[in-house]
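Let me begin by presenting the structure, written as structure tokens, before commenting on it.
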Amino acid sequence: MKTKLFLATLALAGCISSVQAIKDIRWGSSGNPLTGLTVTWNNTGTADSISWGYSSSFEQGKSLAVKRAGNASGQNFFKYVFATVTPNATINYKLYDSNTHTWGTAMTYQTAPPVNTNSFCFLGIGDSRDNMTVWGQIATQALAKNADFAIFNGDIVASGGTTSLWDSWFTSGKQFLQNTLVYHSMGNHDATSVPFYKNTFDLPQVSGSNLYYSFTYGNALFICLNSESASDAAQYNWLKSTLQTYQNDTSITWRIVFNHRPFYTIGNHAGEMNAYYTTWWKAFDDYGVDIVCNGHDHMYERTKPINRNVSTTAAVTTYGSGTGQGRCEIVCGGAGAPLYTGTTSWFIQKYSSSYNFINFCVNGKSLHGTAYSNTNAVIDTFTINKVTVGIETMNQRFNQIEVYPNPTQNVFTLKCVSPQTGEGVVRILDLNGKELRKEKVTKSQELFENKYDLGGYAPGAYFVELTVAGQTDHVMLMVN
């Protein structure tokens, strides 16, 4: 009897190790990546704590976490809000499990650069949903990029009210989620239980809700929208008001929107947002949004510059927020959901039926994007430069390029009208970006026109790519 009492006393003191019930650790924020930072976890205890600091001595001390009801019976969510954090620092922390009366192992989290930085990176990810093996691969590759935070474009799980699916998602992406601040937007599969989704994540709020919100970081404005309620007048008015607030703010160079359902897509969900061209997209054009990042269609897509104030049937010449420049919409919905295929359209610059995520890096007036597969293969790269002189401006241009006949049986003509001249390369690639053919060419004038024979190529879709003087243009060719 005395032995049992002695062991119980040791356990209460945290002196006997025990299997902790703490799980689903994730980072959030009620504001930007430094102001409002939170860490949240799931447990069956009732009074969990955190001990943390910038060294292994946890010099910031121990604090009781804030408890709220979890999404499963007997579960609680515990949250700690960091009143302030040091930029570019390593937070050392450990969690106290009030159920087993034990402290967990020490963990670390790297904080973001100062909020006035003009050099930072963030990830775009979406649609993990069905395949947790692929999601684990994407999470591993994404973590290796050492980005400052991530935006997730919805459809985290296949059914938003099923606890076991969320457990699998957190487990499969454990290291990424324990080390990366993620801002979420809600997808249609998440929305099968809106209260479940809202309770799971600590995000900025508008009028008490985290379904749409904004934050600024560095020289960028980020706006998360809820495309499951795209007809909501309050959300639309808030969108316009938010964009208008920062319209003349010279500290903001980049305007980035993320939500689940895309406008311009060649996937299965094409047309679902057409009703909101005159509201949401009109606001994007009027206020010069630079990037629109979506999921929903399980593939990678990057549009040509789109500005419906200029044309609803043709791309404009350059990306950017200036008058006459266009939006770059990116669909990165390939983190585990079943892949889709599509037939190209006038608005598509790059397309790949691949599992994917994208790494965006901002450096002042330059934004560079690299899309990766789940095996870390490069799917796409592009750069948007807000400069007025030099080759950087030229690299943004989208030239008149076409192939005919299209479809073809074997022989086709490639035609391009562009100001670039000199030595160049024509490449033919499959839809996954694999190079099938490469040929050096010389472009001596604005018009380039040449015939090619695809005898022996299997029926299907291919990319034809022309690169001259650092400028690359793509077009899709169908072979019968």
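The values are calculated or read from the model by the stated rules, or taken from the named source; none is laboratory data. Since we're looking at a predicted model, the values are computed, not measured. Virtual Cβ from ideal backbone geometry, glycine too; neighbours counted across all protein chains shown.
Counted as qualifying within the stretch 36-110 are the strands (runs of 3 or more DSSP E) with 1 or more residues that are farther than 21 Å from N179 by Cα, namely 61-64, 66-69, 76-81.
Within the stretch 218-260, which residues are touching a Lys or Arg at 6+ places or on another chain (Cβ under 8 Å) and in a strand (DSSP E or B)? Listed by number, the residues that qualify are A220, L221, I223.
The single residue among Y300, Y340, Y277 that is of a type in the set (F, W, Y) and either surrounded by fewer than 18 Cβ atoms within 10 Å (Cβ to Cβ) or not assigned by TED's automatic domain parsing to the domain that holds F382 (or both) turns out to be Y277.
Conditions (1) closer than 20 Å to T343 by Cα; (2) not aliphatic (A, V, I, L, M), marked per residue:
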| position | (1), (2) |
| --- | --- |
| L239 | no, no |
| S251 | no, yes |
| V257 | no, no |
| P262 | yes, yes |
| N268 | yes, yes |
| M273 | yes, no |
| T279 | no, yes |
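Filtered by the rule that a residue be farther than 25 Å from H368 by Cα, hydrophobic (A, V, I, L, M, F, W, C) and without any contact (Cβ under 8 Å) to a residue 40 or more places away in the chain, the stretch 236-269 gives a lone residue, W238. Look at (1) closer than 21 Å to G295 by Cα; (2) in contact with an Asp or Glu (Cβ under 9 Å, 6 or more places away or on another chain) and you find that W135 fails only one, number (2).
Mind telling me which of the residues S18, S55 ends up being at pLDDT below 95, surrounded by fewer than 14 Cβ atoms within 10 Å (Cβ to Cβ) and among the polar types (S, T, N, Q)? Give the steps one after another, and end with the answer.
On the way: S55 fails: at pLDDT below 95.
Just a single option satisfies the conditions, and that option is S18.
For the stretch 23-52, the set of residues classified as surrounded by 15 or more Cβ atoms within 10 Å (Cβ to Cβ) and either over 24 Å from T90 (Cα atoms) or modelled with pLDDT under 95 (or both) consists of N43, T44, G45, listed by residue number.
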